Amino acid sequence: TKERVKLTIRSFMIFLKERNIREVYGISPEEVRCFIEETYEGHNGSMDSVIYAMRLFFQYLESAGVDVKKIMILLSFPMKAKKVKPTFTEDELVKILSSIDRTTAPGKRDFAILSLAVSTGIRGSDLISLNLTDIKWREKEIHFTQRKTKKSISLPVQKPVLDSIADYVLNERPKSELHCLFVTCRAPHHAFSTSSDLDGILKKHMKVADIAHEKGDGKSFHGLRRFIGTGIVSHGGTATIAAEVLGHHGIAATRQYISTDMDGLRKCLLSRSTIGGAL
């Protein structure tokens, strides 16, 4: 996201230079409109990120004392609506976990990985980076620094999930000097390279559990994180609580989980009798 913002603002600076505009005080809404129209020709599928970058830029100028009110009005039109992303049902996840054979390797590892993801909503990139020392057995928590946000976070872990991790570490994890918690089952043993490896594990057990998967159905490893966020909101938790659990900086990134809580959205419906009348 940061690189996209930099690229957009750099393109805007080049655009202004070509029009011989050398000072920020000389930027008019018309120049901004022209830039957006030109950018649309090649980026019509990602204009929301372009508008977002422009807003950040002019918010910065506003904080520096530049009058950009008219330009901010121009940039205030809503970005395109984001799609509501589906996720797993609780029954599907129970079926997947129940189908894992923990009597043969790497069953114990896979069960521990998926149980931890389903119960905490941890990102795949963070899960593959977990070290053995990140597990706080007595406190029943995991402590780690998120790779995406660089934010330190502590998450409670249910005892059955801790037991599954202990079962893996004691009875199946290969003897290794590696500090990472989860390692590959084949020698030479090493840490997972990317979170896409976890998608492969999930899909393998989805197939055993006879859970169908289609493009866009949300049934991916990241979908386990979405399941947690949706579950918190649908069971009465606030977006703020969901943001804390998922390690978001604010609730903006958590709003997608509100949109998947259909029962909660039904409570917000207004009667047709209010249309055209005073609310």
Residue under evaluation ILE73, criteria (1) more than 26 Å from ASP217 (Cβ to Cβ); (2) open to solvent by 90 Å² or more (accessible area, probe 1.4 Å); (3) modelled with pLDDT of 90 or more, criterion not met
(3)
Within the range 4-16, does at least one residue satisfy the condition of being open to solvent by 40 Å² or more (accessible area, probe 1.4 Å), at pLDDT below 90 and either outside any loop (DSSP other than H, G, I, E, B) or not acidic (Asp, Glu) (or both)?
yes
Yes or no: the range 34-42 includes at least one residue that is more than 30 Å from the chain's Cα centre (by Cα) and open to solvent by less than 90 Å² (accessible area, probe 1.4 Å).
yes
For the range 187-195, state whether one or more residues are in a loop (DSSP other than H, G, I, E, B), at pLDDT below 95, in contact with a Ser or Thr (Cβ under 7 Å, 6 or more places away or on another chain) and closer than 23 Å to ALA212 by Cα.
yes
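So, LYS175, is that one under 22 Å from GLY229 (Cα atoms), at pLDDT below 95 and in a loop (DSSP other than H, G, I, E, B) or not? Give the derivation first.
On the way: under 22 Å from GLY229 (Cα atoms): no; at pLDDT below 95: yes; in a loop (DSSP other than H, G, I, E, B): yes.
In short, no.
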Open to solvent by less than 10 Å² (accessible area, probe 1.4 Å), among the β-branched types (Val, Ile, Thr) and not in a helix (DSSP H, G or I), is that true of ILE100?
no
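Can you pull out every residue in the range 125-152 that is hydroxyl-bearing (Ser, Thr, Tyr), open to solvent by less than 80 Å² (accessible area, probe 1.4 Å) and farther than 17 Å from VAL169 by Cβ? Walk me through it before giving the result.
Taking the range 125-152 first, the residues hydroxyl-bearing (Ser, Thr, Tyr) are 125, 129, 133, 145, 149, 152.
Adding the requirement that they be open to solvent by less than 80 Å² (accessible area, probe 1.4 Å) leaves 125, 129, 145, 149.
Passing the criteria: SER125, THR145, THR149.
Only residues that are hydrophobic (A, V, I, L, M, F, W, C), open to solvent by 40 Å² or more (accessible area, probe 1.4 Å) and within 21 Å of VAL157 (Cα to Cα): list them for the range 103-124, please. It would help to see each step written out before you state the result.
So in the range 103-124, the residues hydrophobic (A, V, I, L, M, F, W, C) come out as 105, 111-114, 116-118, 122.
After this cut, where a residue has to be open to solvent by 40 Å² or more (accessible area, probe 1.4 Å) as well, the list is 105.
Passing the criteria: none in range.
For the range 48-69, which positions are open to solvent by less than 30 Å² (accessible area, probe 1.4 Å) and either touching a residue at least 40 places away in the same chain (Cβ under 8 Å) or touching a helix residue (DSSP H, G or I) at 6+ places or on another chain (Cβ under 6 Å) (or both)? So that I can check it myself, show each step before the final result.
Keep residues of the range 48-69 that are open to solvent by less than 30 Å² (accessible area, probe 1.4 Å), which gives 50-51, 53-54, 57-58, 61, 66, 68.
Answer for the range 48-69, where residues must be open to solvent by less than 30 Å² (accessible area, probe 1.4 Å) and either touching a residue at least 40 places away in the same chain (Cβ under 8 Å) or touching a helix residue (DSSP H, G or I) at 6+ places or on another chain (Cβ under 6 Å) (or both): VAL50, ALA53, MET54, PHE57, PHE58, LEU61, VAL66, VAL68.
The values are calculated or read from the model by the stated rules, or taken from the named source; none is laboratory data. In this text the structure is predicted, and so the values were computed from the model without any measurement. A quick note on method: Cβ atoms are made from the backbone with ideal geometry, for glycine too, and the neighbour counts reach across all protein chains shown. Protein only, heavy atoms only, side chains kept; ligands, DNA and RNA dropped before computing areas. Shrake-Rupley method; radii C 1.70, N 1.55, O 1.52, S 1.80 Å.
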